[in-house]
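The values are calculated or read from the model by the stated rules, or taken from the named source; none is laboratory data. Bear in mind the structure is a predicted one, so any value in this text is a computation, not a measurement. Here the Cβ positions follow ideal geometry from the backbone for every residue, glycine too, while neighbour counts run over all protein chains shown.
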2 protein chains.
Amino acid sequence: MLTKKNIVVIPEPTLRRLPHYLHLLLNLKEQGVKSVSSTFIANELGLDSTQVRKDVQYTNIIGKPKTGFDVNSLINAIQTCLNWNRYENAFLIGAGSLGTAMLGYKQFKDYGLNFVAAFDNDPEKVGQKIHGIEVLSIDRLPVLAQLMKIHLAVLTVPAKAAQECVDIMLKGGIVAIWNFAPMQIKVPQNVIVENAQFSQSLAVLTRKLSVYKQTLL
Amino acid sequence: MLTKKNIVVIPEPTLRRLPHYLHLLLNLKEQGVKSVSSTFIANELGLDSTQVRKDVQYTNIIGKPKTGFDVNSLINAIQTCLNWNRYENAFLIGAGSLGTAMLGYKQFKDYGLNFVAAFDNDPEKVGQKIHGIEVLSIDRLPVLAQLMKIHLAVLTVPAKAAQECVDIMLKGGIVAIWNFAPMQIKVPQNVIVENAQFSQSLAVLTRKLSVYKQTLL
DNA sequence: GCTGTATTGATAAAATATTATCGATACAAA
DNA sequence: TTTGTATCGATAATATTTTATCAATACAGC
């Protein structure tokens, strides 16, 4: 397999499917199911069974003919792949409505994400606590990021504030940004940006709906 | 090109990039820029210029050598592609924190999305107004969806409530679902589902970050 | 009007991702 | 035991997506 210093490169489409597998597997585990076949997973998630097997191979889990894959092992393997078996401390930038919602989103614990502080430039918000997490002034971000060794930040600010916030984050040594701001941010080559704008996903949906409606005519 | 009853099928990766183009173009327009080259767009967004040209071709816009593409035409063409030049009325299901954030998200107007009502099963919430949109009891959804001819619904409920809500939505004739619930929902073949779980996007990010940290060792 | 050049758009090549095929294997039932 | 079968995992085939190449073209400067 292609590797980067011996680390397997998992294709992005596979990475996007892994959480679906994980969720299904956790459900099965709860129901006491011990092993599961690629066919079953494929049916449940509307995928091809060959694809499921291929995806599973990236986790280094090997199955047994006639039986399938061990549910527990697969859960662990996926969590390890995604680094979801440990907590990554993160900052949240932008305590607006989306930011607030994210701070309150319990599920992130299952995804290895742990918010340790939020930042905003609105004096009204600074000093408040949202879902138990303190909102600090954005000026303090660089120092705190370095002090607390934070590498990941979630950006939930309006478009026009985004780049300015990014620059502040970079000063603090942030190396990975989960970008919800509706714009493209500029970062040095080595910084990881994952865009999670609603618009991306919505574009796919509205196009399909539009095509669907047109085919009805 | 491949067509479905003469409608061009735009690849999903292209659809996901179109909103980025659109955003950049709107910025350029505001700055008074009249035309733009594929090279410029590619540089701004960190893409390949050939890819930009290929994507633009799907919008049926043709450019001029040495000049590039007309900004206004391209904006219109992308909006038309995505059906963002008209409003699609939509229901929101699940008035929790994410749902609330979405109801207040002004940008959706630019994406052709218009929330006309929200639904929840919590009696505390029913009757309230969130960002000017009334929260109704989920029981009333099927009748109202048909009456108001709503085809699109945004699902922001917890995992365990999701499938139940979906079944109710289907009764009302909903044909497109934007699913934020952290689970795979089951729908008939002809119903469009776009999964927008945070986990998908986060998986890509946490994996990359994990690999990045490992390569530093 | 001629010449140089940036850019398009078409075509081809490469890379990536998905789907199909099939022998090998482990379990279940006779 | 033996036989039948569900399932894996490897390989091959297909489809899709991205990237490269290059002739054709419109504008700018001389």
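A few points about this structure:
- Hey, B:Asn72 more than 10 Å from DNA strand C (Cβ to nearest atom), of a type outside the set (Val, Ile, Thr), within 30 Å of B:Gly172 (Cβ to Cβ) and surrounded by fewer than 16 Cβ atoms within 10 Å (Cβ to Cβ) or not: no
- Candidate set from region A:184-217 (those that are among the aliphatic types (A, V, I, L, M) and in contact with a Pro (Cβ under 9 Å, 6 or more places away or on another chain)); member that is farthest from B:Arg17 (Cα to Cα): A:Leu202
- Considering the conditions (1) part of a helix (DSSP H, G or I); (2) within 13 Å of another protein chain (Cβ to nearest Cβ), A:Met169 is excluded by exactly one of them, (2).
- Pair list, Cβ < 6 Å and 6+ apart or interchain, from region B:26-50 residues that are under 17 Å from B:Ser73 (Cα atoms) to residues that are in a loop (DSSP other than H, G, I, E, B) and near DNA strand C (Cβ under 10 Å from one of its atoms): B:Ser35/B:Thr67
- Single match in A:Ile61, A:Ile78, A:Ile93 (criterion: surrounded by 14 or more Cβ atoms within 10 Å (Cβ to Cβ), touching a residue at least 12 places away in the same chain (Cβ under 8 Å) and in the same structural domain as A:Trp178 (by TED's automatic domain parsing)): A:Ile93
- Selection count where residues are facing chain B (nearest Cβ under 8 Å) and not in a loop (DSSP other than H, G, I, E, B), scope region A:172-194: 4
- For region B:134-159, the set of residues classified as part of a loop (DSSP other than H, G, I, E, B), of a type in the set (Val, Ile, Thr) and over 14 Å from B:Gly173 (Cα atoms) consists of B:Thr156, B:Val157, listed by residue number.
- Condition met for A:Ala117 (more than 14 Å from chain B (Cβ to nearest Cβ) and away from DNA strand D (no atom under 16 Å from the Cβ)): yes
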